[in-house]
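**Student:** Below: one structure in C-alpha cells.
Coordinate-derived values only; no laboratory data. Since this is a predicted model, take the numbers as computed values, not measurements. Reconstructed Cβ throughout: ideal geometry from the backbone, glycine too, with neighbour counts over all protein chains shown.
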Amino acid sequence: MKVPMTIEGAERLRAELKQLKGEERPRISKAIAEAREHGDLKENAEYHAAKEQQGLVEARIREIEGKLADAQVIDVTQIKPTGKVIFGATVHLTNLDTDKAAVYRIVGEDEADLKHGKLSVASPMARALIGKAEGDEVVVNAPGGEIAYAIEHIEHV
C-alpha cells in the first residue's frame, strides 16, 4: 500500500539516507576496524559499541529505503486547487471558541511536526479537515473535547 508523502518529506529522507550511507557507515566501519586492532573482542567495549551503532544505522537505512519504496510522493502545487482541503494543502483556520488563528499543512505521518504546523494526515484533525472547503466549519474530536474551527483559506504551496 502506498503511503502519501510530500516532496519535502521525501527529499529529507533521501538526504538522511545519503548521509547514513556516505558518512555514518564508513565512519562506523573504520571504528570497528580500529577496535579490532585492540585485541580481544570479548572484552572490547569500543568494538561492541561500534557494532551496536552499526546495527542501528543499518536498521535505519532499511527503514528509510522501505518508506521511500512505499511512498506516493505528492506535489500539491501540481494539483489544481478546488477550494477543498487535500493532502499537502496548507489550511488557515480560526478556533471558533477562542478566535485564535492557526495554520496547518497536512503531511505524511513521518513528516508530522506540530511545532512547525505540520499535521499528520492520520490525525483526527486532518481527517476532519480533508474534503472540507473554505468557509466550512469543522468540529474536531480532540483529547480535551470537541473544538470547532472555521476554514478561512486553503493554499496549495
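**Student:** Give me the net charge for the shell around H116: Cβ to Cβ below 13 angstrom, other residues only, Lys and Arg +1, Asp and Glu -1.
**Tutor:** Neighbour charge sum, excluding H116 itself: +1.
**Student:** So, one more: If the label point is 7 Å along Cα→Cβ of D75, which residues in segment 2-43 have backbone nitrogen under 20 Å from it?
**Tutor:** Residues 3-15 fall inside that zone.
**Student:** Which angle between 0 and 90 degrees, to the nearest 10, do you get for helix 25-36 versus the longest principal axis of the chain when only C-alpha atoms count?
**Tutor:** 30
**Student:** A follow-up question, please. Please identify, among H38, H116, H48, the residue showing maximal mean-square fluctuation in a Gaussian network model of the chain using a 10 angstrom Cα cutoff.
**Tutor:** H38
**Student:** Another question, then. Between K18 and E52, what is the spin-label point distance in nm, taking each point 7 Å from the Cα along the Cα→C-beta axis?
**Tutor:** For the pair K18/E52, the computed spacing is 3.2 nm.
**Student:** Turning to a different aspect of this structure: Considering only the chain, what is the antiparallel percent among its DSSP beta bridges, to the nearest 5?
**Tutor:** The antiparallel fraction comes to roughly 75 percent.
**Student:** Obtain the nm distance between the two label points defined at R60 and A45 by a simple spin-label model: each point lies 7 Å from its Cα along the Cα-to-C-beta direction.
**Tutor:** Taking the two extended label points, one gets 2.3 nm.
**Student:** Now a separate question. Amide H to amide H, which residues 5 or more places from T6 or on other chains are under 5 Å from it, using H placed in the peptide plane?
**Tutor:** Sorted by chain and number, the residues that satisfy this are I74, G108.
**Student:** Now, a different point. Excluding V139 itself, calculate the net charge of residues whose Cβ lies under 15 Å from the Cβ of V139, where each Lys or Arg counts +1 and each Asp or Glu counts -1.
**Tutor:** -2
**Student:** Right, something else. On average over all directions, what projected area in square nanometres does segment 59-121 have, based on the convex hull of its Cα atoms?
**Tutor:** Its Cα hull, projected and averaged over all orientations, spans 5.8 nm².
**Student:** A further question on this structure: For the chain, what is the calculated [θ] at 222 nm in deg cm²/dmol (nearest 500), taking -39500 (n - 2.57) for each run of four or more DSSP H residues and dividing by its residue count? Kindly include the intermediate steps, with their values, before the conclusion.
**Tutor:** Numbers: 4 runs with 57 residues, N = 157.
That calculation yields -12000 deg cm²/dmol at 222 nm.
**Student:** About the Cα centre of segment 3-74, what is the dipole size in debye to 20, counting +1 per Lys and Arg Cβ and -1 per Asp and Glu Cβ, all else neutral?
**Tutor:** Computed about the Cα centre, the dipole is about 180 debye.
**Student:** By per-residue mean of other Cβ atoms within 10 Å, what is the highest-first order of 3-9, 78-84?
**Tutor:** 3-9, 78-84
**Student:** Another question, then. Using a simple spin-label model with points 7 Å from Cα along the Cα→Cβ vector, what separation in nm is obtained for E109 and I130?
**Tutor:** 1.2
**Student:** Could I ask something else about it? Using semi-axes √(5λ) of the Cα gyration tensor in Å as the read-out, say which of (1) 27, 17, 15; (2) 45, 17, 11; (3) 139, 12, 9 was calculated from these coordinates.
**Tutor:** (2)
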